[in-house]
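Here's the structure, in structure tokens; my notes come after.
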Amino acid sequence: MRYVYRPGEAEHWYALFRFWQGDMSEENLAHAEQLARTGKNRGAIRHLHSLRGEWRLERGEWALAAVSLREAVSMARAVGQTDADAETRLALTQFHLGQLADAGGEAERLANAKQPAHRPLADLWLAIGDHEQAKTHALAAHKWAWADGEPYVHRYELTKARALLEKLGVPIPARPPYDPSKDGKFPCEDEVVAAIEKLRAEREAEEQSLKSAADISFPPNISPPKPARTLRPRAITEPKDPPDAPSSPAQKKNAKRTQRRPPTRTN
């Protein structure tokens with residue numbers, strides 16, 4: 001069922017999970033990429049290139065990170081899309097490699113994107129040396145990562161944004177926790193709730209009907225039948241010898257001889 005699962009999709013998410021946990025390996029990425037290529041899952045392949053680039057960037061492997069990120073950016077542009085995260089991280093690796101001629105201009109261009117990647121931008125501005133710009137994007141990254149509020153946050157990104165703010169000496173903003181009263185209703189939510197309540201009422205009525213049928217009532221002068229008594233078989237005991245019966249084997253033998261002896265005649 002290709003519309004439900006495409007090869008490499010679940011494996012990409014598993015690799016991303018391991019990355020968030022801090023124990024992702026090249027084997028996780030290679031396995032996911034192999035499946036994605038077999039299934040011609042181009043989107044998963046691009047995301048894996050981007051993930052590998054971010055992983056190598058955090059390890060300080062600038063050249064290897066640039067190779068993976070450049071591939072992710074190229075694949076996105078080939079289909080008319082923009083991968084702001086990959087482009088911003090690529091600019092950061094190029095800066096560390098000394099391959100970014102106009103670092104400030106490139107950072108400005110990336111900051112003016114429709115959906116800028118704030119945390120990588122903060123890292124880029126910090127590397128350039130503009131702490132004010134880095135502070136602005138670090139705060140924006142923290143706000144985005146906060147999402148709906150604790151506990152419904154982007155945990156990995158929130159942790160990274162908090163560490164970046166501390167590095168910049170910026171106080172961590174106090175943001176409100178999750179407030180369920182602010183949630184809007186989903187389309188058809190009322191209809192779904194009504195259907196659930198109807199099914200629940202029908203089930204309870206059915207259970208009550210079955211219970212009533214099982215409870216048999218009797219008139220006051222008639223008692224309910226008692227449960228059948230289980231008859232136990234009597235133990236079979238061997239007959240006991242009379243009190244004057246011979247007890248020893250020799251006595252029993254003599255008794256048998258006496259029984260077989262014919263009666264004595266008397267004249």
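The values are calculated or read from the model by the stated rules, or taken from the named source; none is laboratory data. These figures come from a predicted structure and were not determined experimentally. All Cβ positions, even for glycine, are placed from backbone atoms using ideal geometry, and neighbour counts span all protein chains on display.
Could you pull out the residue among Ala107, Ala140, Ala127 that is assigned to a helix (DSSP H, G or I), at negative phi and crowded, with 22+ Cβ neighbours inside 10 Å?
Ala107
Conditions: (1) free of Cβ contacts under 8 Å to residues at least 12 places away in the same chain; (2) part of a loop (DSSP other than H, G, I, E, B). Pro116 meets all but one. Number of the miss?
Here Pro116 meets the rest and fails (1).
So, of the residues in the range 32-45 that are assigned to a helix (DSSP H, G or I) and out of contact with any helix residue (DSSP H, G or I) (no Cβ under 6 Å at 6 or more places or on another chain), which turns out to be surrounded by the fewest Cβ atoms within 10 Å (Cβ to Cβ)?
Thr38
Are any residues in the range 123-136 under 36 Å from the mean Cα position of the chain (by Cα) and more than 20 Å from Leu51 (Cβ to Cβ), and if so, which ones?
Ala134, Lys135, Thr136 - these are the residues of the range 123-136 that are under 36 Å from the mean Cα position of the chain (by Cα) and more than 20 Å from Leu51 (Cβ to Cβ).
Which of the numbered conditions does Leu110 fail, given that it passes all the others? Conditions: (1) over 22 Å from Asp85 (Cβ atoms); (2) modelled with pLDDT of 95 or more.
Tallying (1) over 22 Å from Asp85 (Cβ atoms); (2) modelled with pLDDT of 95 or more, Leu110 fails exactly one: (1).
In this structure, does Gly98 turn out to be out of contact with any helix residue (DSSP H, G or I) (no Cβ under 9 Å at 6 or more places or on another chain) and either closer than 26 Å to Ile45 by Cα or surrounded by fewer than 18 Cβ atoms within 10 Å (Cβ to Cβ) (or both)?
Answer is yes for this residue.
With closer than 29 Å to Leu121 by Cβ and touching a residue at least 60 places away in the same chain (Cβ under 8 Å) as the only criterion, which of Arg175, Arg155 stands out?
From the options Arg175, Arg155, the qualifying one is Arg155.
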